[in-house]
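One structure below.
The values are calculated or read from the model by the stated rules, or taken from the named source; none is laboratory data. This one's a predicted model, so the numbers in the text were calculated from it and none came from an experiment. FYI the Cβ positions are ideal-geometry reconstructions off the backbone, even for glycines, and counts take in every protein chain you see.
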Amino acid sequence: MKKVYLYFLITFICSSAALPVFAQVKPGPKNAAVLNTYQDSLLKYSKTMFTATGNIQRFDQNAKFIKMLVAALKTPGSFNFGFDSLKTISIIGSPDRAFRIFSWYIPTEEGTYRFFGTIQMATANGQLKLYPLIDDTEHFTDTNMVTTNKQWFGARYYEIIPLIAGGQKAAYALLGWKGNNTKTSKKVIDILSFNENAAIFGKPIFEGPKNSPVKSRIVFEYNRQNTMTLRLDKKEQLIAFDHLAPIDSTMTGNFEYYASDSSFDAYRLVGNKLKLIENIELNNDPNSLDEFYIDPKRKDIPVTKKF
């Protein structure tokens, strides 16, 4: 079932990538009406793919959502259409307006999550260009792997942070919620860059304490009943986050017992590296808007927290 579904996802998204569509042009009244009609249908599918009974029905509704989303993005002007009604789908644009990311997840009956998404580029010639995001988390033997969009460490992203370093290709830090299972949740800082044919995830730029290995992405794991702050502090230009620790030293490495110890660490861009700074002070109240967990047994419609 998984192989068939991945083929379905790649076929629908990739087959549309070369279609000539003026994606960055604002939609005219006619196209705006078309996009609003698509949005209504997408809203229906986005609700039922969370609340349908059983995994098969949820993934079936998700497949219909993907097909409809790709059709909508073929519409001229779609890049500038907000799809604001889709509250359970994260849609965030890069500050330089080079691209935007659609990302979401499906909760399974087993209490786990499968993530989905696509990157829509703002192309110079107006052609629609999409990079499908294929969740391949289960095959990650090392979270420091550098991969493409077809081997994605899936997450629901809520912030894009441009990283600017002299002489370097454009790269972006992505902050995302990753869910996990019935015991723990995860958050991630991933690095996104592009080559001619793919979106690249991961880059060895995270420097930790002295003599520790450089990392390509940062993954936090903690007790699912707790929350974790992970956000950009714009004033200090830091990626700030809760310091996670076990409730007891005997629980070290058992992330079911990890939570914030009320201190904060951060990464700051220094040269072409993100360097760890420990025990920082946050001037603003920490924003712990965190959990996107949806109990698969719930029948009510999820409401996404906004950042």
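Going by the conditions given, is K186 free of Cβ contacts under 8 Å to residues at least 60 places away in the same chain, in contact with a Gly (Cβ under 7 Å, 6 or more places away or on another chain) and either assigned to a loop (DSSP other than H, G, I, E, B) or within 26 Å of M251 (Cα to Cα) (or both)? Spelling it out, K186 is indeed free of Cβ contacts under 8 Å to residues at least 60 places away in the same chain, in contact with a Gly (Cβ under 7 Å, 6 or more places away or on another chain) and either assigned to a loop (DSSP other than H, G, I, E, B) or within 26 Å of M251 (Cα to Cα) (or both).
R100 fulfils the conditions (1) in contact with a helix residue (DSSP H, G or I) (Cβ under 8 Å, 6 or more places away or on another chain); (2) surrounded by fewer than 16 Cβ atoms within 10 Å (Cβ to Cβ); (3) free of Cβ contacts under 8 Å to residues at least 60 places away in the same chain except for a single criterion, (2). Considering the conditions (1) at pLDDT below 95; (2) surrounded by fewer than 20 Cβ atoms within 10 Å (Cβ to Cβ), Q151 is excluded by exactly one of them, (1). Which pairs turn up if I take residues in the range 143-155 that are on the phi < 0 side of the Ramachandran plot and look for partners that are outside any loop (DSSP other than H, G, I, E, B) and small (G, A, S) with beta carbon separation below 7 Å, at least 6 apart in sequence or on another chain? Cβ pairs passing all conditions: T148/A199; N149/A199; A155/S103; A155/G176. Those residues that are hydroxyl-bearing (S, T, Y), in contact with a helix residue (DSSP H, G or I) (Cβ under 8 Å, 6 or more places away or on another chain) and buried (at least 20 other Cβ atoms within 10 Å of the Cβ), I need them from the range 76-93; list them, please. Passing the criteria: only S78.
Of the residues that sit in the range 17-63 and are basic (K, R) and either farther than 30 Å from E110 by Cβ or surrounded by 16 or more Cβ atoms within 10 Å (Cβ to Cβ) (or both), which one is modelled with the highest pLDDT?
R58
Scanning the range 25-74 for residues that are over 17 Å from S85 (Cβ atoms), assigned to a helix (DSSP H, G or I) and of a type in the set (G, A, S) gives G54, A63.
Name the residues in the range 134-149 that are under 14 Å from the mean Cα position of the chain (by Cα) and in a loop (DSSP other than H, G, I, E, B), would you? Hits for the range 134-149 are D136, N149. Looking across the range 83-133, just one residue is under 16 Å from F59 (Cβ atoms), charged (D, E, K, R) and not in a loop (DSSP other than H, G, I, E, B), and that is R114. What's the total number of residues in the range 216-249 that are touching a strand residue (DSSP E or B) at 6+ places or on another chain (Cβ under 7 Å), surrounded by fewer than 20 Cβ atoms within 10 Å (Cβ to Cβ) and among the basic types (K, R)? Residues in the range 216-249 being touching a strand residue (DSSP E or B) at 6+ places or on another chain (Cβ under 7 Å), surrounded by fewer than 20 Cβ atoms within 10 Å (Cβ to Cβ) and among the basic types (K, R): 1 in total.
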